[in-house]
Every structure is written in C-alpha cells, then in structure tokens.
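Okay, so here's the structure we're looking at.
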Amino acid sequence: MRAQLERFLLAPAAARPFAALRIGLAAALLGQALQVAPMFLAFYHHGGLLRGSLMDAFAPTHLPPLGRLAPTLAIDGAMESLVLIVCGLLYVGSLVSMLVGWRTRAVTCSAWLLHWVFTSLAPHTNYGVDAFASVYLFYLLWAPAGAALSLDRRAGRASDRPRESSRLLLRVMQVHLCVAYLFSGVEKASGEQWRDGEAIWRSLTTQGYGAFDFTWLAQVPLLAVLAGWSVLVVEIGYPLFIWPRRTRRLWIAAVVAMHAGIGIFMGLHVFAAVMIVLTVSLFGVSAEPEERDQSAQQSTPRAGSLAT
Amino acid sequence: MTRLRSALLLTVAACHLGLVVAGGLDVCPWEWGPVGRALTYYSAISGAGGGYSFYAPTVRSAPHAAFTIVDREGRRVVDTLQTGVTREADLRMQDLIDVVHHRRTDDALRRRLAASWAAEMFARHPEAELVLVDVGHSRMPAMAALRAGAAPGWRSEFRARVARSPVAGARP
C-alpha cells in the first residue's frame, strides 16, 4: 500500500502535461488580453470607470491594495497610463514567450506576477477565469514547463528528464482541480435551482449571459432538469471518475462538452477555454516517461494504473 | 530523491492542499495570529485560498446599467457602459456593475459609483447636462410562470441623478 502510494506521488514523470498546460493557458490568456485591450485603461486606470480612490475601495481588506501605490509614488494620470501600458505590453510579451517556450521559467514568472498585479488592481472586474489562471500560472512557476515542446528544449536549455518532483507537482495540480469541481458541484447541489432546471434556464435566457434565444426551453422543462443534473454529476463525479483509466476519457469528454456548452451558449469563451485546457492537459496528456526516457531511468517505477 | 527531500516536499504539498480545501470551505486563517496572516498572504499569492461557488447555489439575472443622457434642450439619449466590442470586456463590465448589488447596504458607495460612471457618460456626451443612472436587471420569469403567461420585466436596484458640475466632473 505504501509502495503504491509512493509510486502514485513520486514516480518520475515527464514534462508533457506541463508543456501542454503552458501552451494552452498562454493561448487562452492571450485571447483574453486581446479582448480586454479596448477597455484596458477604463478598467485599470484611476481615471477610468472607477475614479480616484473609488478604484481601491474593493481590494481585500487585509491585503495591501496595489492601486494605492500610484498616488503614494506621486504618479500622475499620464504617467499611470504609461506604466499600465508598459505592464500590459510586458504581460502580452510574457504570454507569447510562454506559448513558444522561450526562457520559459523567467517569462512564466513575469506572466504570473503581472497577472496578479492586474487582478489586484481591478478585483471588482475579476471572475472565475482569473482565479483559475492565477492558480495554474503559480503552479507553472515550479514546473518544468519548458522541458517539452519549447524553444528552450530545442536550444538545449531544458532537459525533459523524468523527475519525481514533477509527479508530485502534477498530483497537487490534479487534486486542486478535483477539489475545485467537487466544491463547485456540492455548492450547486445545495440549492434547488440546479436540481429543478431553473439554473440552466436562467443561465441561458437572462440578459447578458444568453447568446441565443432559449425561451423555447420553457416548453420542455425536462431538458433543463436533465442538463442541470448532468452538470451536478459531472462536477461532483469529477474527483471519482477522472482518475480510473476506464472512466477517465469519458469524464474528460464530458467536461470538455460541458465547458464548450458554457462557452458557446453563455458566451464565457475564455473561461471555457481555460477549464478545458486544465482538464485535458492535467488528465488527458500522459506523464509516463517514453522508452528513451526509461532507458535513462532503468530503476525507476511507473506511476501505476490509476492515473496518468 | 532523498528520503528527507521527499518528506519535505510531501509536507509542503499536503499543507498547500490543506489551504486549498480551507479556501473552498471559505475558511480564512487571518485571525490565527502571525502564522494565520502569513498563510493568508500565501493563499492570496498562490491562489490556494480561492472559493469555487461559481453560479452556485443560484444563478441571478445579469446586472445592467442604463444611462439616460439629457442635454440642455431636454433631448434624451440612452447609453450603457458595455461597448459590445468584445464579450470578455462586457463580462468584466457586468462584474463591475454587480458591485451595486454586492454593496446594496452602502448607499454612499453606490452614489460614488453612480457619479464615477456618470463622469464617463459626460466624457462620451459633451453636450450632456444631466445623467440619469438606473442599475438593475431584466427579470426572466421561471419556466412554469412563463408558460402561464408571465412576461419578462425590468427591476431597478439603484437609481441616481447626476448633474454636470460647472467647475469639473460631475456631482451626484
């Protein structure tokens, strides 16, 4: 039992899942950055939609509000615009470098830091995608994300030697995702709306979320009930069915379908893309070392049949 | 990897995942003294302390802010904060407007929000003398109610009237 647990947590793992996560996350966040760009200063500048000190009124009460740095450093409006634009360009540059895997560790650090800066500057505009992006950018800081499918690998700056620490980090990232889906599903199930279909109805028809006319759904409420229960089963069942090989593909497909639906029908494109990237890269991409890797790791055991 | 290093990494991983679970349960260690404060900072930076109740347990109607711009001759134009340029920007705008609901007990803050958004409208419409702010949401009846003939409607949550200041900006 102990040996099995040790294999599960510490058997050397290849870097492919981290590389897939790096590429997928960077691509999704680049898409997000390009979409936010037209309203960039409106959201993040003290002369934007929240003027002056109002901008900092929504920061967490026990953490230092980053926005107050501007007046503290006597940065005026024009200088603040310049600082923000430079930070924005650095963020986009970091994401592009992450995407191609150039100086991966340094640019991931820069992307994570700047993402944290922007989410801290305008917490009133954040939503779920920002939380997940922040979490998994932080994990990528510690992962050998440039060890595969990267310019670093091609230039010989990174090695994709399977590592025990990679396996442990992968397990932490996977368990975190399981916790997120479980809590999300249980919280949904605690109310009536997801069980009687009203949550699906409201998501698809209320102003702002609805990209299509779904008022016909009121005539077939059973469909909304089925969809609501499907979401509950997929989310609550995630930590149970994503691990065994037999059910893993089915659950990945179900999660991808659920998020594709959210992206298409609710218009949450970036959120859907990030969530699909997380499940596919962490559970759909094998971390098992290839033959050539194993020849260098003759004595190391495989992770067992439970998970990638 | 040495036994000691393995044990150390496993301990760090277990503590980190403990904070992830605590975050999901909405437990904040801030009140636990200096260690609690350090854990709170770590949770904030790593994202371990986040919650996961997205659209749960209920789904509310999306908020909307309508601005009626009135010029000196009394002509009226309706405008919104949403630009329609990109969906992602508009989603963030919705979250911003939702602050009016989240801070529904803080009227002073809501007045400041209205003044700030009205200032944006005065910038967009230089001819405007007055901005009428109406923040609320479209109410879609439940499926059964819609079948029974109920109609969608608008519910205001906060209204304000902001006049252009003769000196600078706007006043609520």
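Values quoted throughout were computed directly from the atomic coordinates according to the rules given, and no laboratory measurement underlies them. For clarity, every value in this text was computed on a predicted model and none was experimentally measured. Here Cβ is always computed from backbone atoms with ideal geometry, including for glycine, and neighbour counts include all displayed protein chains.
Measuring nothing but how far apart in sequence close Cα pairs (under 8 Å, 6+ apart) lie, relative to its length, chain A scores a relative contact order of 27 percent.
Between the alpha-carbon centres of region A:164-214 and region A:75-109 there is a gap of 31 Å. Here each label is just a point 7 Å from Cα along the line to Cβ, and for A:Glu6 and A:Ala37 those points are 5.3 nm apart. Exposed loop sites here mean GluC sites (Glu not before Pro) with a DSSP loop assignment and at most 15 other beta-carbon atoms within 10 Å; chain A contains its longest site-free run at A:1-191. The ranking of B:Thr105, A:Thr119, A:Thr125 by Cβ neighbour count inside 10 Å, starting from the fewest, reads B:Thr105, A:Thr119, A:Thr125.
Between A:Gln219, A:Gln174, A:Gln193, the Gaussian network model of chain A with springs among Cα atoms under 10 angstrom shows the greatest mean-square fluctuation at A:Gln219.
Mean residue ellipticity, 222 nm, helices only, chain A: the sum of -39500 (n - 2.57) across DSSP H runs of n ≥ 4, divided by residue count and rounded to 500, is -20000 deg cm²/dmol. Kindly identify region A:80-176 as rounded, prolate or oblate by the Cα gyration tensor criterion: order the square roots of the eigenvalues as a ≥ b ≥ c, call it rounded if a/c is under 1.5, otherwise compare a/b with b/c, prolate if a/b is larger, else oblate. Verdict is oblate for region A:80-176. Extension gain, B:Tyr42-B:His125: 0.36 nm per intervening residue step, less the Cα-Cα distance, totals 25.4 nm. Residues of region B:116-142 with the amide nitrogen closer than 11 Å to a label point 7 Å from the Cα of B:Arg72, along Cα-to-Cβ, please. Zone members listed by number: B:127-129. First measure r as the distance between the Cβ atoms of A:Glu288 and B:Arg161, then evaluate 1/(1 + (r/R0)^6) with R0 = 45 Å and state the FRET efficiency to the nearest 0.05. Step by step, r from the Cβ atoms, then E = 0.10. Projected label points at A:Leu226 and B:Arg111, each 7 Å from Cα along the beta carbon direction, are separated by 5.4 nanometres.
Across region A:14-160, the mean sequence separation of Cα contacts (distance under 8 Å, 6 or more residues apart), normalised by length, yields a relative contact order of 35 percent.
What shape does chain A have by the C-alpha gyration tensor, where a ≥ b ≥ c are the square roots of the eigenvalues, rounded means a/c under 1.5, and otherwise prolate means a/b greater than b/c and oblate the rest? Oblate, because a/c is 1.5 or more while a/b does not exceed b/c.
Assuming a ≥ b ≥ c are the square roots of the Cα gyration tensor eigenvalues, decide whether chain B counts as rounded (a/c under 1.5), prolate (otherwise, with a/b larger than b/c) or oblate. Prolate, since a/c reaches 1.5 and a/b exceeds b/c. Computed extension gain for A:Gln219 through A:Leu240, at 0.36 nm per residue and net of the alpha carbon distance, reaches 4.1 nm.
Computed over chain A with a Gaussian network model linking Cα atoms closer than 10 Å, the most mobile of A:Asp130, A:Asp56, A:Asp213 is A:Asp213.
Using C-alpha pairs under 8 Å with a sequence gap of at least 6, the mean separation divided by the residue count of chain B gives a relative contact order of 19 percent.
Rounded to the nearest 500, the helix-only mean residue ellipticity at 222 nm of chain B stands at -13500 deg cm²/dmol, with each DSSP H run of n ≥ 4 adding -39,500 (n - 2.57). Taking amide H atoms as placed 1.01 Å from N in the peptide plane, the amide H of A:Ala13 lies under 5 Å from those of A:Arg163, A:Glu164, A:Ser166, A:Arg167, each 5 or more residues away in sequence or on another chain.
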